[in-house]
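Asks: Take this structure, written in structure tokens, and hold onto it; I'll ask about it next.
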Amino acid sequence: MTDSTESRTAPFYSIPARRMVSVEHPAIIKNVDKALDTLRGDAGITRILNPPKADSPARLFLRPEDAMSRPMKSISSTANNILVKVTVPKRTGRKRKKGSDEPFAGVPITTGHVEAPRRSAREVLQSLRDNVGGYQVEPVGMIERTHVFRGMPDFVFSTASSAFANKFREHILPFDYEKMKQFDLDMTKGITSNVDIIPPPSFSHGDLPFNYIYRQNPTMQKSIDTTGKITTVNTQRTVKVHTHLVPYDIPEVPTQPRDNCPPISTLDPTLQETITILQGLFSSRPAWTRRGLRNALPTVEKRYALRHAIPYVGYVFRSGPWRDAIIRFSHDPRTSPENHIYQTLMFQIQPRDADVARDGYFGASTTGINNNKDGARRHAYFRPNEVPQFDPTASFHNQLHHQPGQLPTDTHLFTGQPPLARDGRMWMYCDIQDPILRNILFPSENPAAPPPGFLRDKCDVLTDGWYGNGTLAKFKTIMRHKVLALLDDRATDDAEFAQILSLPDYATPESINTDFWLDPATATSKSTMMATEIRAIIKSAPAFRERAAADKRAGKRRRGRGMATRRSAAGRRVQFREDVVGGEEEDVEEDEEEEEEEEEEQIDTQGMEVGEEMGEGEEEAYEQEELLEAQAAEAAAAVSAAVEEDEDEAEEEDDEGESEQDEDIDTFR
């Protein structure tokens with residue numbers, strides 16, 4: 001009974017009262033002396049055993065031979081461990097069959113002292129298993145503190161070829177006063193080649209690595225391509241749409257889809273049906289808005305497939321009068337005035353709810369009540385023309401789930417009456433049904449046959465298209481006020497726009513400030529404000545600005561030439577007159593001279609507009625013209641003076657007896 005109890009009881013060991021510290025070295029220790037050198041030898045060990053503070057870190061030098069290297073600092077933490085010394089039988093290298101009494105064979109032959117290789121942890125554990133009861137255990141001491149190195153070592157800059165670093169290492173680092181006195185610096189100025197680069201004390205200020213938490217993208221999946229190789233595929237990659245997007249001034253419009261578009265026969269059946277429907281729509285009308293095409297599709301699936309079907313039926317202008325309009329291949333609206341009805345107009349319409357950044361949403365009903373009680377954002381909403389019509393007061397849950405109903409088909413039409421469709425911000429002129437706006441765009445009953453002179457003879461491909469700048473300015477101003485009113489769910493009174501409808505359809509730099517003003521005595525404040533908006537729209541057009549600038553430059557040149565001609569003519573102007581008895585004619589002539597001088601001053605002062613200055617190039621050209629004209633005037637004056645002197649000499653020979661009072665008097669004005 002006693003033997004069985006003693007065999008099941010673990011032996012007791014006494015732990016010596018030794019003060020021990022554990023240091024987990026980050027390197028693989030093959031030479032203990034070199035490992036101690038990385039800790040600064042005895043001085044470093046003493047500092048670890050007797051730290052100034054309990055948590056003072058230990059310093060480890062990976063390059064102990066370089067005194068300028070930066071050490072690694074440890075993390076000192078308290079511990080409650082026991083250091084145990086385990087002694088196992090030494091392996092001799094002899095072998096024999098297990099369980100037999102045969103003599104050992106294979107004794108290694110040694111010729112000298114050879115240090116035994118370091119045994120790995122796996123070999124030590126195997127030795128313990130093979131020598132159960134044949135090893136000894138002895139506690140060495142209690143470990144109260146452990147130093148671990150978890151930081152990253154700093155970058156290393158080699159200073160072996162640095163003259164300054166070698167001199168500093170030789171004279172300063174030994175801390176010998178005699179050597180320190182021999183240290184000096186090179187005070188030469190202007191050294192630009194082979195300059196010694198002195199490294200900083202440290203390169204990296206962070207020791208702990210940052211955990212980036214790298215993980216595989218869940219949308220990336222492995223697949224096998226057509227060649228049989230394993231590749232990765234993004235399951236949520238957006239399918240690229242190969243639509244022709246052309247600038248407003250492209251010489252020739254596209255005539256067919258892009259070459260990288262897949263054949264129609266390889267497409268999804270729903271997409272093929274959508275393309276067939278679009279081809280039928282474009283056969284009856286050469287241009288559509290995206291919203292108009294979407295409203296013409298019968299199912300939600302086809303409306304979702306619209307963006308992938310457009311590249312097979314038409315192209316899109318990036319800018320210009322037909323901006324964002326989808327136009328049939330080979331059809332160029334810039335070549336014929338009949339395409340004025342397909343021009344487009346776009347407005348910036350901000351959403352009511354700040355959390356919703358998409359045009360089509362149901363964040364707020366027409367009554368101003370927010371039905372988004374679940375806090376869903378834009379990705380939780382459907383487009384209004386993709387959701388069947390239902391009661392706007394229905395719950396948000398019913399809005400997210402399609403209720404049976406009919407898809408909307410008229411949201412691309414602008415009627416000027418509330419509610420305003422929120423599934424887009426662009427309208428085509430032929431889709432405008434508001435009476436006052438339609439009368440501006442189509443003054444005749446047949447939109448395809450406008451009155452003579454109403455449209456341009458040449459298309460303005462940048463802004464106005466086939467319409468006059470005054471026509472579109474009035475149209476944009478009135479429609480803008482209507483849209484702002486519809487955003488507040490109210491209709492406008494067409495009588496407010498009656499006064500600005502009388503403004504002309506065309507404006508020039510000469511007529512913009514005369515023909516586009518309203519009579520202040522009869523015009524209302526709103527009409528005056530809208531007239532100001534119309535003038536601003538006209539003046540902001542690039543073609544109008546270029547024409548105004550050209551007229552301005554031409555006017556400056558004409559005024560400059562006129563001023564130079566008048567000045568040169570004034571220098572050459574000579575009048576011969578005789579004294580007249582009585583004061584009546586002299587007074588008349590003096591009055592005429594004063595009037596002519598006043599007229600010349602008015603012309604000179606009115607030649608330049610108020611606040612208008614000539615450019616440097618124009619001033620130089622003007623001075624050159626003045627100089628040439630002055631030289632020509634001087635030469636002409638010299639010739640005429642010589643001729644006059646000859647005539648005077650001849651007259652003096654014939655009339656020597658005449659008095660000085662009868663001589664001619666030169667009067668210069």
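Throughout, read-outs are computed from the coordinates displayed, never taken from laboratory work. As the structure is a computational prediction, the values presented were derived from the model and not from experiment. As a convention, Cβ positions derive from the backbone with ideal geometry for all residues, glycine included, and neighbour counts pool all protein chains shown.
Asks: According to a simple spin-label model (label point 7 Å from Cα along Cα-to-Cβ), what is the distance in nm between residue 501 and residue 66?
Replies: For residue 66 paired with residue 501, the spin-label model returns 8.9 nm.
Asks: Right, next: Could you state the number of Å between the C-alpha centres of region 138-179 and region 186-218?
Replies: With region 186-218 and region 138-179 each reduced to a Cα centre, they are spaced 18 Å.
Asks: Follow-up question, since we're still on this one. Once a ≥ b ≥ c are taken as the square roots of the eigenvalues of the Cα gyration tensor of region 450-538, is the result rounded (a/c under 1.5), prolate (a/b larger than b/c) or oblate (a/b not larger than b/c)?
Replies: It is oblate, given that a/c is not under 1.5 and a/b is not larger than b/c.
Asks: Pairs of Cα atoms under 8 Å, at least six residues apart: use those to get the relative contact order of region 279-335, whole percent.
Replies: Over region 279-335, the number comes to 39 percent.
Asks: If amide H atoms are built 1.01 Å from N in the plane of the peptide, which residues on other chains or at least 5 residues away come under 5 Å of the amide H of residue 141?
Replies: 83
Asks: Another question, then. What list of ³J(HN,Hα) values in whole Hz, one per residue of region 174-189 in order, does the Karplus curve 6.51 cos²θ - 1.76 cosθ + 1.60 (θ = phi - 60°) give from phi, with Gly and Pro shown as x?
Replies: Along region 174-189, the couplings run x, 6, 9, 5, 5, 5, 5, 5, 7, 7, 9, 10, 7, 9, 5, 9 Hz.
Asks: Which length gain, in nm to one decimal place, applies between residue 536 and residue 406 when the Cα-Cα distance is subtracted from 0.36 nm times their residue separation?
Replies: 42.4 nm
Asks: Once R0 is set to 22 Å, what does the formula 1/(1 + (r/R0)^6) return for the Cβ-Cβ distance between residue 551 and residue 250, expressed as a FRET efficiency to the nearest 0.05?
Replies: Approximately 0.15, to the nearest 0.05.
Asks: So between residue 261 and residue 462, what do we pick up on full extension, going 0.36 nm a residue minus the alpha carbon distance?
Replies: This chain segment gains 69.4 nm when fully extended.
Asks: Nearest 0.05, what FRET efficiency do residue 22 and residue 90 give at R0 = 22 Å with Cβ-Cβ as r?
Replies: Efficiency, from the Cβ-Cβ distance: 0.25.
Asks: Please give the charge dipole size of region 127-167, origin at the Cα centre, charges +1 on K and R Cβ atoms and -1 on D and E Cβ atoms. Round to the nearest 20 debye.
Replies: In total the dipole reaches around 220 debye.
Asks: Determine ³J(HN,Hα), in whole Hz, for all residues of region 322-334 in sequence, where each value follows from phi through the Karplus function 6.51 cos²θ - 1.76 cosθ + 1.60 and θ = phi - 60°; x replaces Gly and Pro.
Replies: With the stated coefficients, region 322-334 comes to 10, 4, 6, 7, 8, 10, 4, 4, 6, 9, 10, x, 7 Hz.
Asks: While we're on this one: Give me the one-decimal nm value for the distance between modelled label points at residue 46 and residue 131, 7 Å along each residue's Cα-to-Cβ direction.
Replies: Each label point is offset 7 Å from its Cα along the Cβ direction, giving 3.8 nm.
Asks: May I ask you to derive the FRET efficiency for residue 276 and residue 515 from their Cβ-Cβ distance with R0 = 51 Å, giving the value to the nearest 0.05?
Replies: Details: r = 51 Å, r/R0 = 1.01.
Efficiency computed from Cβ-Cβ geometry: 0.50.
Asks: Still on this model: Compute the relative contact order of region 4-88 as a whole-number percentage, counting only Cα pairs closer than 8 Å that sit 6 or more residues apart in sequence.
Replies: So the answer I get is 19 percent.
Asks: Further question on the same structure: Quick check: pseudo-label points 7 Å beyond the Cα along Cα→Cβ at residue 220 and residue 156, how many nm apart are they?
Replies: Calculated label separation equals 3.3 nm.
Asks: How far, in nm, would the chain grow between residue 14 and residue 77 when pulled straight, counting 0.36 nm per residue and subtracting the alpha carbon separation?
Replies: On the way: separation 63, 0.36 × 63 = 22.68 nm, distance 2.51 nm.
Here the answer is 20.2 nm.
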